[in-house]
Structures are given as structure tokens and as C-alpha cells.
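The values are calculated or read from the model by the stated rules, or taken from the named source; none is laboratory data. This is a predicted model, so every value here is computed, not measured. Cβ: placed from backbone, ideal geometry, glycine included. Neighbour counts: every protein chain shown. The protein model used for the area step is the full one, side chains on, heavy atoms only, and it has no ligands, DNA or RNA in it. Shrake-Rupley method; radii C 1.70, N 1.55, O 1.52, S 1.80 Å.
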Amino acid sequence: FTPFEIKIEKSDIEINREKMKLDILLILDTTSTMSSSVKTLTDNLKSIIKSIKDDFPLAIPKIGFIGYKDFGDLELGDDYIDIDFSVNYEELYEKIDNIEADGGEEESKDVAGAFKLALKKSWGEGKKLAILITNSPCHGKEYHNNGNDKYTDGYNDPNNTDLERKKINDYLAAFIKKNIYLIGYDITPIKTDVMYNKFLEFYEGKNKQDLFSKEKGKLKDIICNKVKYLLKDQNKEVMIS
């Protein structure tokens, strides 16, 4: 190759990599009932990143993380974990490995607070994916197991329930506006099914049901399959060029 030809080739690679940018945000319930999920998350994340890079060599997956609990934990000084998007995976693994899954006395958790943090992230211009990983519903009786609701929810009086619904819906609308694909990971469907159905109902009402899905199974497979879906058109463009 002449120097000119080499320069053009590098320019093409840079342009193609721009098309493959991807932000993945893990939103994890880090209360005591989620201890097993917290322990296995790093191994899952390593496999996920490897699989993405194998399938899309030009992809630039930036990973962010939010670890949330509940109001009572905040009152006790247990702050939520908020890690912005980065390709420094080793640092992220280390931080996740040091997480202690504890607290969360109520069976409903502060999903709205986690969403609020998620929307403050430095989302890029590429594809955007957020995964909510929890075995508990958010606050607000309508998000619980209808007909057999035994969940403790100190935030469940009528005024607070209306406020929680407004917050959740506002945050879901903001996800839509930012074109962030949201996955509700169904670890224990009997506990989270009503919440995720409410989310889907909201998305359908906005005619944006393509931006939300509730999934169950292996976390690695769920995320990798969604990434393949999100990047399929970009991958074709890269192959053509």
C-alpha cells in the first residue's frame, strides 16, 4: 500500500468503529436477597464482553453500573453504587467484587431511585441498553403481585403510591426519549411479573414496545442476544464498507 492508501484504510476503520459504539448499563438490586446474583455478576460480565467482542470485533462496549437498595438503607448512610460508562473492565470487575449485598428490609425496593441515577449517566450517541436485575418489585401497590400481595411496602399509602407511579412513568418516558432499550430481567417472575407488565403497558401506550422487553434465562445469553439485535444493521454496514 502507498501511504495514502494506508491512511484511507485507517480512516474507514475509525468510521466503522463509530457505528459500533454501545453503552450497556447494569442496574442491580444489591440487597441481601440478591447476594447470589451479585457474586456471579463479574463472571457473567466477563463472558458477555468476550462474546460481544467475538461477534463484533469493531464494537466498543462501554459498561456502566448502578447498585441500588432502598430508602431505609439510604437513611442508614448506605449510598447507592454509581459507576459511569467505561472500557476499563478490570477496574469495574474489582468494584463489583467488593460489593456487599445487604439491607433492604422491605420486599419492595427503590427502582425509581435507580432509574433516576441511570438517566444521569453520560450516554453516548451509539446503541444504548439498560438491564434491570432484581427479584423484587418497585414501590407502589399496583406494581406488586395483584390478588395475593403480601409484600411489605412502607411507601404504599395512597399519596406515596401516586407519587411513585408518576416517578416511574416519568423515568420510563425519559428512557424512551433517549432511545435506551430497557430489559427487565425476570429472576423471580412471581415477584416481578406485575411490575414488568406495568412497564410494558406503559411502553405500549407510547407505541414504543420495541424499546422494552422482560426476559428470563441466562443473563449472558439475554444480553448478548439483545446486543446482536441492536447491532445487526450496523454490522451489515461495516461488512459492506
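Points worth noting:
- In the stretch 201-214, the residues that are open to solvent by 50 Å² or more (accessible area, probe 1.4 Å), within 16 Å of the chain's Cα centre (by Cα) and not basic (Lys, Arg): ASP210
- Restricting attention to the stretch 80-129, the residues being part of a helix (DSSP H, G or I) and of a type in the set (A, V, I, L, M, F, W, C) number 9.
- Given (1) open to solvent by 70 Å² or more (accessible area, probe 1.4 Å); (2) out of contact with any Leu (no Cβ under 6 Å at 6 or more places or on another chain); (3) closer than 25 Å to ASN179 by Cα, number of the condition ASP82 does not satisfy: (2)
- Restricting attention to the stretch 24-37, the residues that are surrounded by fewer than 21 Cβ atoms within 10 Å (Cβ to Cβ) and within 17 Å of the chain's Cα centre (by Cα) add up to 1.
- Test: residue in the stretch 175-184 that is part of a helix (DSSP H, G or I), open to solvent by 70 Å² or more (accessible area, probe 1.4 Å) and either touching a Pro at 6+ places or on another chain (Cβ under 6 Å) or within 13 Å of ALA112 (Cα to Cα) (or both): no
- All positions within the stretch 40-53 that are under 19 Å from ILE99 (Cα atoms) and without any contact (Cβ under 8 Å) to a residue 12 or more places away in the chain: THR40, ASP43
- Residue within the stretch 54-71 that is loosely packed, with under 15 Cβ neighbours inside 10 Å and in contact with a Lys or Arg (Cβ under 7 Å, 6 or more places away or on another chain) present: yes
- Taking residues in the stretch 182-203 that are over 23 Å from LYS220 (Cα atoms), and partners anywhere that are at pLDDT 85 or above and open to solvent by 30 Å² or more (accessible area, probe 1.4 Å), the pairs with Cβ atoms closer than 7 Å and at least 6 places apart or on different chains are PHE202/ASN169; TYR203/GLN209.
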